[in-house]
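A short reminder: the numbers here are calculations on the coordinates, not readings from a lab. Remember, predicted model here, so these are calculated numbers, not experimental data. For neighbour counting, all protein chains shown are included, and Cβ atoms are generated from backbone atoms with ideal geometry for every residue, glycine included.
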Amino acid sequence: MQEQALITTREEFGQALTRLRESAGVSVRQVAAKVGADIAASTLGDWFAGRGLPSLSSRDLLVEVLRVCGVSDEAAVEQWLNAWHRVRRAPGRRPAGPEPYRGLAAFETEHAEWFFGRAALTGQLVAQLTEPGLRLVVGASGSGKSSLLRAGVVPALGSGAAVFTPGPYPMAALARQRGEVLIVDQFEEVFTVCEDPDERTRFVAALGEAAERAVVVAGLRADFYGQAMRHPELLAAMRSGQLVVGPMREDELRAAVVEPARKAGIEIENGLVELLLREVAPAGADGEAHEAGTLPLVSHALYAMWRESQGRRLTIADYRKVGGIGRAVADSAEKVYLALGEHRQELARRLFLTLVHVASDTAATRRSMTIAEVLADHDPAVAAEAEDVLDRFVAERLITVDLDKVQISHEALLTAWPRLAGWLESDRAGLVVGRDLAEAAARWAKEGHDPGALYRGSRLAVARLWAEGAGPHAAPGPQARRFLSASVERQEAEAAAQRRGTRRLRRLVAVLAA
C-alpha cells in the first residue's frame, strides 16, 4: 500500500511531505524558490511541519511543491491530492477503522469493496457491454446511477474503462479520456452546465462516432429524458441499448445496510434494519424496498449513525438521535449552518446557490465547479472564510471536493434541507438572472474582456434591475459587477456615438436642403 493511503491527520501529511522533501535533497527555502510562487517560506514550512494544510485554492501550488520534491508521475500526484483532501475533510474526533458508508457522496471506484446491493444490476449492464455501441443508464435522481457506474461497472471492466462527467466544456473533457470503454456520468450536465448548444451537439455526435468502435455508456437523470430525445444518437440508444436503474429490492437494500457494517466489524442492533426497511418501504409497490430517490437519504442516515456511534455499534437510539431517514440530512446541514456566525451564514447561502444550476424550464440541479470558480466572486479577504465554510460542509459529506472539482454531494440535499429549498424557491427568477450574469461575466473574463461578450439592450436592463434590488445574500460578486459596469459603459458609448452620428446626419441634410 502506498504511504499516502495511510495518511489520516495533518501531522502525518506533514511528516510524509517532509520525508519526500528530504529524499529530494532540498530545503524548505529551496522549495519555495523553485516553485516561483508569491508565498512565504514560513507558510511552506507549516505544511512540512504539519502545522497547517494547503488551502483549497492552493491545489496547483501543492502540485508544484510535489514536483519539486520529485513526484512527477500523474498517478502519484493524484494519490497525494487524495490524501490532502482526506485530511482536509476529517477535522476533529473521527470513528476508528474504515468508513463503511458514503453518506450523500457517490461510491467511487476505490470504494468498490464497500458497494453492496447492486450485483445483479451490475452484471446485467456489464453483459451488454461486449460490443461497440452507445448504451444509456437511466434512473431518477437518487437511484444510485453514479455509484453503479463508478463502483460497480468500472471495477468489473478493469483498467480499460474511463469515467468522466461532461462539465461546462464536454468536448475538452472527452479529449482527455484514454479508455477503451467511455463512461459518461451525470450526462445531464450537457443540458445544464454546458451553455454552448453547438458544443452540446458536437459532443453527442462525437460520442456517437466513438460508439462505432468502442463501448460508450451514458448515465442520464430520468427528468432529462425529453431533452435527450432531441438528439438522434441518444434516441437510437434509447431504442436499443437502455438500462433502467430502479429502486432496490428488499434483499438488495438489506445487503447495502448490513454488509458494509459486517465488513467493518460493526455490530447492528436487532430490529434496526427492519425499522429502516419499514420506514422507506413504498405503499403498494411490488418487490421494491424503497421509494425512488430515498437511497441517498438512507445512505446519509447510516453514515450519520456511524459517526455518532464512533464506529462501534449501530443502534435504534443512534438512528433516532441523527433524525432517522426523514431528518438526518437536514439535521446535518442545519447543524453546520447554525454553528456559523452571521457573516459566514451569508457565505454559506451564497456558496450553495453558486453550486446549484437554476433554469426557468428545468428542475434545479447541482453543478460542478472548480475551486477558482467558486471563489471568483469573493474578495481576497473573504476567500479564506469562504474556504472554511466549504470545509465544514465537506466534513459532513454534504459537499464533495474531488481534486479541483466542487459540487453538492447529491441533488437530494436540494429538497431534503428545507433552508436550501427555501433559498431556491424564494427568488427563482432572480436566481436565473443572477446565474446568467455570473456565467456571462466568467466567459467575458475568460475571453480577455471581449467587448462583444458584454450585455446590451433589454438583457442589460434586466440584469441592472436585479443587481440594484438584490439583497446581501444574492448580490453580484466583484467579477459580475465589473462586467455590468463595462456593459453599461459600452452601451453609453454606443448611444453617444449614435447621437453624434444623428447630429452629423441632420447637419448634412440641412446643408443639402439649403
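Odds and ends about this structure:
- Gained length - R481 relative to A359, 0.36 nm times residue gap less alpha-carbon distance: 41.8 nm
- For region 120-172, projected area of the alpha-carbon convex hull averaged over all directions, nm²: 4.6
- Approximating the spin labels as points 7 Å out from Cα along Cα→Cβ, the Q310-to-E267 distance works out to 1.6 nm.
- For the chain, the longest principal axis of the C-alpha atoms and the axis of helix 197-210 are separated by about 40°.
- Applied to region 124-140, the Karplus parametrisation 6.51 cos²θ - 1.76 cosθ + 1.60 on θ = phi - 60° returns per-residue 3J(HN,Hα) values of 5, 6, 4, 5, 8, 9, 8, 10, x, x, 9, 10, 9, 10, 10, x, 5 Hz, with x for Gly and Pro.
- Its DSSP H runs of at least 4 residues, each contributing -39,500 (n - 2.57), put the calculated 222 nm mean residue ellipticity of the chain at -16500 deg cm²/dmol, to the nearest 500.
- Gain on full stretching of the segment that runs from E64 to L465 - 0.36 nm per residue minus C-alpha separation: 140.0 nm
- Cleavage-rule hits, trypsin sites (Lys or Arg not before Pro), region 121-188, DSSP coil, Cβ neighbours within 10 Å at most 15: R176, R178
- As a proxy for reagent exposure, M248, M369, M305, M229 were ordered by neighbouring Cβ count within 10 angstrom, fewest first; the result is M229, M369, M248, M305.
- Residues whose placed amide H lies under 5 Å from that of L243, excluding near-sequence neighbours: L136, V137, V138
- Residues of type lysines that K145 reaches as a straight line, Cα spacing below 27 Å, ignoring anything fewer than 8 places off in the same chain: K263, K405
- Förster-model FRET efficiency, 60 Å R0, L235 and R29, C-beta, rounded to 0.05: 0.45
- Cross-link partners of K321 among aspartates and glutamates (Cα-Cα below 20 Å; sequence separation of 8 or more within a chain): E99, E267, E269, E274, E279, E308, D331, E334, E396
- Using a Förster distance of 35 Å, the FRET efficiency for A49-K405 (Cβ separation, nearest 0.05): 0.75
- Of A438, M229, L136, farthest towards positive along the dipole that unit charges on Lys, Arg, Asp, Glu beta carbons give the chain: A438
- With neighbour counts taken as other beta-carbon atoms within 10 Å, the residues V163, V26 rank, fewest first, as V26, V163.
- Residue by residue, region 240-253 carries 3J(HN,Hα) couplings of 10, x, 10, 10, 9, 9, x, x, 5, 6, 4, 5, 6, 5 Hz when phi is fed to the Karplus relation 6.51 cos²θ - 1.76 cosθ + 1.60 (θ = phi - 60°); x denotes Gly or Pro.
- Isotropic mean projected area of the C-alpha convex hull, region 393-514 (nm²): 10.8
- The smallest convex shape that holds all Cα atoms of region 118-245, its convex hull, gives 91 Å³ per residue.
- Under the convention that each Lys and Arg Cβ holds +1 and each Asp and Glu Cβ holds -1, the size of the dipole of the chain around its Cα centre is about 1340 debye.
- A full extension of the chain between E131 and A510 corresponds to an added length of 128.6 nm, given 0.36 nm per residue minus the alpha carbon distance.
- Measuring between their Cα centroids, region 170-236 and region 380-448 lie 24 Å from each other.
- Taking other Cβ atoms within 10 Å as a rough exposure proxy, I7, I316 sort from fewest to most as I316, I7.
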